[in-house]
Every structure is written in C-alpha cells, then in structure tokens.
Amino acid sequence: MDGPRRTKSWSIHGRTEITSLYEISDRIGSGAYADVYRGRRRSDGLDVALKEVHDRQSASREIEALQVLRGSRNVVDLVDYFSNGGGDDDDGDAAVLVLEFLITDLASVIRDAKEGGDGRLGIRVGEAKAWMVQILRGVEECHRCSVVHRDLKPSNLLISADGVLKLADFGQAIMLQVPTFIPMDDENPQGHADENVSHIPEQPLVQDDPQEKPTCEADYLQEIDGLKAKYPMETTSLQDGDTSCLATCSTSDVEDVAFKSSYYFEPEEGGLNEHESYPGCSKLPDYGKIFFEKVENPLGLESRMPNRSRPEIQLVKKLVCYDPMGRASAEELLEDAYFIEEPLPVPLNELRVPPKSSGNDEISPGYGGFGSDSEFDEFGGVDVVTTEKGFSIQFL
Ligand SMILES: Nc1ncnc2c1ncn2[C@@H]1O[C@H](COP(=O)(O)OP(=O)(O)OP(=O)(O)O)[C@@H](O)[C@H]1O
C-alpha cells in the first residue's frame, strides 16, 4: 500500500526548525512558485508571512535580492529564511522565507476604487501620486542596490495598515553586480538562518566584473554574447517573468540579463526609422522577434489621456520611451514636476487601505491577459498574435 501523499502544505507544517520558532496559521496566498502562510514569531508575537517557495532559482533570487535590500523602507522586509534541503518541491523541503506581514496590496486598492468601496469611486489624484511616489522610491532603492525586480505589478506591491507600500515578490529579480551580503545573524542573534543556509545559487546571478562597462558597439555585443553564454536560455512556461518581459517588450526570461529591451518596428521606406525612435535598436540581440502592427495616423498620448495635466502626460511619455537612454530613471521621476504640482501627494494616513480582496490578477496573466491586471483598461484591449518571427502586439 502506498504511503500517505505528501502535499505542498505538509512540508512547512512538518518542519520543526520552522514550527519551533513560528506559529503557522492559514494559507493567505499562492502564486506561480509559492504558497504563503500567515504566521507569528513565538518569541515576540511578530506577525509574519511564511513564503514556501517551490523553485530553487526563484528562492535564491528572492533571498539574495532581499538581503541586499534590507532596511529599504519601500521593500518588504526579509525577517529570516530557511533554505531548502537540497531537494525540489516534491521532496517537501522547499525554501521558506519569513517576511514581514502586510495586510493588503495595490491590486486590492485599485479593485476597491473601481467598485466604489468606502462610498467613493476612483482614486484621487493626490492618492495616486502618493502610491506612485512610494513605488518609485522602492524601485529607486532596488536600482541603487543593482537589483532589477522584473515583475512589478499591483498584486506584488504590498501595503501595510498605515499605508506604506512595499515592493514584494523578488523571485524574478536579478542582480547586476556582486552584492554585499549582510549576514542574517547581524540582526538575528539566534543565528538559525545561518545554520540552515545551504543556499548557493545554482548559477551565478551576477556579472563577473561590474566595473567593466562596454565602451563601444563591439564591446557591447561581446558583453551580450558573454551574458548569453553565462545564462543559458531557460525554457519556461508563461510565468510572471515572461509577462513582465512582455511589458518591457523582450521575449525571454533570462536573455535580458543586463541590457535586453527589444522592439521591432518595421520602418517604412523613407519614413520613421530606428534613428528617430531608438537609435541602435537593430543591433540588439532580439531585434526582429517582436513587432507591432503599424498604427495608421497615430493620435498621440494627449488624445488617449484627455483632461490630464501636461506634467502628467509628460511623465507617462518619460516612462514609455523606447530608447532606454531617453527613458527616465526612478530617481529622476521622483524629482518630476508632476509630484510638486497641485494636488500634492496626500500624507500616508489619508490613503485608503482596503482589506485584501482576491481578484483575477492574483495569478499572473499570460500574454493574452493584460486587461485584468491593471489600468490597461483605459488604453483598450491588446491583441497578441504569434507570428513566424515571434509575436505581434496590437493595441486595440
Ligand atoms: N509579506 C507578505 N504579507 C502578506 N501577504 C503576502 C506576503 N507575501 C506574499 N503574500 C501573499 O501571497 C501571494 C503570493 O505571493 P508571491 O506573489 O510573493 O508569490 P509568487 O508565487 O512569487 O507569486 P506570482 O505568481 O505573483 O509570481 C501574494 O499575492 C500575497 O497575497
């Protein structure tokens, strides 16, 4: 007779090194790679979320990134972690991250605003700005530490009861240079994270020499080849990373390690060409894999965003700029005129923080699923068609 079937939830409840320190209660979420449980630290009653990650690479990426980002106000705090014991998910000893517990997320805020929770429809401009500033601060903190999140979406932006927004879910994150590790036991005298750590990324997630920047096109292409060799192409199903990559218009998860961002815009004879919108884009490794349907008589953002202020439209333009050299950084955007014009960002205690609600954006959408995840609705639907070269995206 077969023994009892081991389920995913069995593993965390059966691990005494975890249950001796944390009381584990309900499962509060699950995603492509993880099950998340609510918990309480036995020593002091701290509310935590225990994230059991069923994928080694995702776990090591998240642990590395969160260690580097410890102390960042707008990034979820990694309280502790337990490495996996060498097996994969089915061995029942997945890595478990102990995170500060956050009660809701931005997807719930948006959903609540659409449904008119609290008797008010929509998000006031001052509230939207306050959320945006916090997102930008979180992104700026990541980039300052050379962490690229690659999976930003409303359900990965968690929010505390007092309105502090924190970037979470770093399972797709990459490090662009060697991180300075802060040993967990600096702030954790019990030292159990250290004892349990067998965490060594299967593949290095960092570049060998962060100082060496490509100086010319040949160096740049050589660097891309080197990175490709170092991070072989993964064959993954359509998970979050792919979706995020789609949002930045790249086609694979791993190839975009440092520089990837490709667009294919079929130039017209004598018309708009790559020197106008994205100089050098044809030299990028994935050039030609994605193309957009030609837009006849483009109307411009102004017509799609009626009744918006000029700084607001300018801000969006800075965000959607094709050329990464022309695209604004989070640091620059934090200084943007939009955030100092009236109405100003509201103080955190004026933000509406509705309870977490479940919606269809909890599971990452596939390529066809843009419409449910955010305010893409405002821009109409998206039609994605597989083609011989890759796929084409048509904004309807
Ligand atoms: N620190 C936390 N506090 C409260 N809830 C959390 C926390 N971390 C995660 N969750 C909940 O668990 C869900 C899944 O977590 P997370 O997004 O990190 O997992 P994932 O498997 O990487 O998900 P995805 O499919 O989005 O990649 C989240 O949407 C959230 O509802």
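The values are calculated or read from the model by the stated rules, or taken from the named source; none is laboratory data. For clarity, every value in this text was computed on a predicted model and none was experimentally measured. Please note: Cβ atoms are built from the backbone with ideal geometry, for glycine as well, and neighbour counts cover all protein chains shown. Calculation scope for accessible area: heavy atoms of the full protein, side chains included, ligands and nucleic acids excluded. Shrake-Rupley method; radii C 1.70, N 1.55, O 1.52, S 1.80 Å.
One table, with the values for the structure above:
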| quantity | calculated |
| --- | --- |
| Segment ARG38-GLN177, extension gain: residue separation times 0.36 nm, minus the distance between their alpha carbons | 46.7 nm |
| Proximal charge balance of LEU344 [Cβ under 12 Å; K/R count +1, D/E count -1] | -2 |
| Accessible-area order (highest first, 1.4 angstrom probe) of the listed residues ARG27, ARG137, ARG41 | ARG27, ARG137, ARG41 |
| Cut-off 15 Å (backbone N to label point 7 Å along Cα→Cβ of LEU334), residues of the range 128-157 | 130-147 |
| The range 327-353 and the range 49-79: distance between their alpha carbon centers, rounded to Å | 26 Å |
| Heavy atoms of VAL76: accessible area, 1.4 Å probe, square angstrom to 10 | 10 Å² |
| Interchain or long-range residues, amide H under 5 Å from VAL164's placed H | none |
| Area of ASP26 that stays accessible when all protein chains are in place (1.4 Å probe, Å², to 10) | 110 Å² |
| Residues of the range 278-312 with amide N under 17 Å of the 7 Å Cα→Cβ point at GLU341 | 301-312 |
| When each of LYS166/LYS283; LYS51/LYS289; LYS166/LYS317; LYS129/LYS356; LYS289/LYS356 is checked by Cα-Cα distance, pairs over 30 Å | LYS166/LYS283; LYS51/LYS289; LYS289/LYS356 |
